[in-house]
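Here the structure is laid out as structure tokens; the discussion comes afterwards.
The values are calculated or read from the model by the stated rules, or taken from the named source; none is laboratory data. Predicted model only: the values in this text are computed from it and were never measured. Because the Cβ atoms are built from the backbone with ideal geometry, glycine has one as well, and the counts that use them run over all protein chains shown.
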Amino acid sequence: MTLINDIICVILWLSFQITLQYPTADLNKNDPLNYLYSAFQQSFTNIKLKNTTTGEIEKIIKGLKSKSSCGYDEITTKILKISSPLIVSPLTYICNRMLSTGIFPDRLKYSEIKPIYKKGDKTLITNYRPISLFPVS
């Protein structure tokens, strides 16, 4: 999760920097895609992502809570932990490939959303909150 938090922080920092460079009055509100294109024409050569190691992936897998819940892929964290010795090298390769290419597999962007009951009348939808179940792999 540390890598994800770091990426989110970088995105937020970049958003803040763009806001400082281009005041709201300068934004073309009718065409946000052109604005984003013009704002990111330069490459960010000062961002260097280091490759991850099998040890780091193993540590992350071991740190996951052993739960029986799963996403659409039906892989639980228990299964992931048991199969860790067999899949840690391919997972490391996939993670490093995502970092080097900047491409995140579409299938890992999907989640299963389930309503979880909070309290009160079970027939009222407002007494439920959504949770997103992402694939663990």
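All of Leu108, Leu80, Leu99, Leu124 fail the test of being under 26 Å from Asn51 (Cβ atoms), at pLDDT 85 or above, out of contact with any Asp or Glu (no Cβ under 8 Å at 6 or more places or on another chain) and not small (Gly, Ala, Ser), apart from Leu80.
Pairs are defined by a Cβ separation below 7 Å, a sequence spacing of at least 6 or placement on different chains, a first member in segment 110-137 that is farther than 10 Å from Tyr72 by Cα, and a second member that is among the small types (Gly, Ala, Ser) and exposed (fewer than 10 other Cβ atoms within 10 Å of the Cβ); no pair meets this definition.
Just one of the listed residues (Ser89, Ser100, Ser69, Ser83) is exposed (fewer than 15 other Cβ atoms within 10 Å of the Cβ) and touching a strand residue (DSSP E or B) at 6+ places or on another chain (Cβ under 7 Å), and it is Ser69. If you go through segment 46-80 and keep only what is under 15 Å from Pro90 (Cα atoms) and in a loop (DSSP other than H, G, I, E, B), you end up with Asn51, Thr52, Thr53.
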